[in-house]
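The values are calculated or read from the model by the stated rules, or taken from the named source; none is laboratory data. Keep in mind it's a predicted model, so treat the numbers as computed, not measured. Backbone-built Cβ (ideal geometry, glycine too); neighbour counts: all protein chains shown.
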């Protein structure tokens, strides 16, 4: 596996593959990889003969009070996992290779990006759209693979790709979960053992809310009940539990069209998100 | 010459050329074409076997009080000129084909984009970067050709292409001028006959300032003198006369490194811009 740390060596390697007519699939990550990330690599290998993964903890999607500085990192472990999974190239740049001196461009996302996560992390989706646009361009990838765990992020990235007419397609992979249902996340590393036991309530509450919605409950009833269950289980604060239409992220009042149940909640100092299809 | 009005038919035509290995050069314009635009088309024909021109008066680069509604238009005349100049495809979309319902992405440009034109038209360069990014993507062009008349715009577009790692290169063509030196501009159509006679003072004042700078004057002296000359000639207001370094648009105190003398001034209700290399 090639390891590239600047745009020139990245382009050199990928340029050779593209010149030989080989399609390139990209797996953008912030590192500290788990089985969920590796499922993206496996999907990427099905989509293209060449797979590029990126590890970059993107500062433009963090607010000053957020966990940029303490975000978990393990590049040596990540590289070993990626190579074993069949990744051809790891792009692990320093910040100045992604945002060089004189960098002047910012992106703002409106619409679905202003809802849910966008309310609680208003800086995030513009930063995600910016770094994805740049990584798509630097890698020249034909397709990028994202996890459904970050469902709203996938919607926003698809919107940015459509709006900016970027020459790339977006594929998704279902959320990978622990045996008890907890969605795999690099941020799970922050959880203390007793918090880890409480954390499974997030998936469980969403699953019960989905059952209630299928049984005829309104979204208002089902999400209020899920919020109560999360607080009773030991979550400190619930940012949202919400039902949104898959096509355009519009609120839904009850089950019907394809939808997603989404939640974000705090367990001590750790903010967890999850979602389920409905 | 093919005329396309939506993204699908544009992509259909260009896709065939790209599949046949033919490079595509793009000339983005707001229409009401003059010899300056046609010089861009001629340059584009040297750069690629296929030339696409776009005519789109982009609303996201106009402020509410500006001249979006009265911007001059003559699509039939433009199409005839483009076809005679050897353009292969004209993309002349309605606004909703460029910004369809649900469009959610905005771009903000900092750095050089916040200087000079950016001070007086703060919405403009973000809108320019957005529409260029989208038109680059929709056309799949390999190279785009811009006029040096809009020198600061060229710098900002180059910055956006670099920052977003867009797969396109930018070429420029020197400003085309009338016999008396007035830079050709679609907005010259706004000038009354007596204003048209005064307008030549813009190029003349810049040319004299360049002479003074070459003779050892400071930028402060030369630009102040040029501002006085413009007001004496009959310009109503001078937005700026300024000397900037070509490499990074930094202010220069006197001649030395490659620079540009730039000016914007009002003649009645018409705002004219021009620039000269130094």
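Scanning segment A:199-228 for residues that are surrounded by 14 or more Cβ atoms within 10 Å (Cβ to Cβ) and not in a helix (DSSP H, G or I) returns A:217, A:218. Within segment B:20-30, identify whether any single residue is without any contact (Cβ under 8 Å) to a residue 24 or more places away in the chain and out of contact with any helix residue (DSSP H, G or I) (no Cβ under 9 Å at 6 or more places or on another chain), and answer yes or no. Yes, that holds for at least one residue. Taking the conditions exactly as written (away from chain B (no Cβ under 14 Å), under 14 Å from the mean Cα position of the chain (by Cα) and surrounded by fewer than 18 Cβ atoms within 10 Å (Cβ to Cβ)), does residue A:187 satisfy them or not? Taking the combined requirement at face value, the residue satisfies it. Considering B:262, B:272, B:267, which residue is in contact with a helix residue (DSSP H, G or I) (Cβ under 7 Å, 6 or more places away or on another chain), modelled with pLDDT of 95 or more and closer than 17 Å to residue B:156 by Cα? Among B:262, B:272, B:267, only B:262 is in contact with a helix residue (DSSP H, G or I) (Cβ under 7 Å, 6 or more places away or on another chain), modelled with pLDDT of 95 or more and closer than 17 Å to residue B:156 by Cα. Does segment A:113-128 hold any residues that are more than 7 Å from chain B (Cβ to nearest Cβ) and assigned to a helix (DSSP H, G or I), and which are they? Across segment A:113-128, the qualifying residues are A:114, A:117, A:118, A:119, A:120, A:124, A:125, A:126, A:127, A:128.
Considering A:92, A:80, which residue is free of Cβ contacts under 8 Å to residues at least 24 places away in the same chain and away from chain B (no Cβ under 14 Å)? Talk me through it step by step, then tell me what you get.
On the way: A:92 fails: free of Cβ contacts under 8 Å to residues at least 24 places away in the same chain.
Exactly one of A:92, A:80 is free of Cβ contacts under 8 Å to residues at least 24 places away in the same chain and away from chain B (no Cβ under 14 Å), namely A:80.
With respect to the stated conditions, residue B:103 is within 11 Å of chain A (Cβ to nearest Cβ), modelled with pLDDT of 95 or more and surrounded by fewer than 18 Cβ atoms within 10 Å (Cβ to Cβ).
Screening the candidates B:134, B:158 for the property of being part of a helix (DSSP H, G or I) and within 8 Å of chain A (Cβ to nearest Cβ) yields one hit, B:134. In the set B:259, B:268, B:215, only one residue is over 15 Å from residue B:120 (Cβ atoms) and under 20 Å from the mean Cα position of the chain (by Cα); that residue is B:259.
Give the residue, chosen from A:62, A:56, that is within 14 Å of another protein chain (Cβ to nearest Cβ) and either in contact (Cβ under 8 Å) with a residue 12 or more places away in the chain or touching a strand residue (DSSP E or B) at 6+ places or on another chain (Cβ under 8 Å) (or both). Reasoning before the result, please.
Working: A:62 fails: within 14 Å of another protein chain (Cβ to nearest Cβ).
Just a single option satisfies the conditions, and that option is A:56.
Residues that are within 14 Å of another protein chain (Cβ to nearest Cβ) and crowded, with 22+ Cβ neighbours inside 10 Å within segment A:138-154 comprise A:138, A:139, A:141, A:144, A:152, listed in sequence order. For the criterion of being surrounded by fewer than 17 Cβ atoms within 10 Å (Cβ to Cβ) and either in a strand (DSSP E or B) or touching a strand residue (DSSP E or B) at 6+ places or on another chain (Cβ under 7 Å) (or both), residue A:257 passes.
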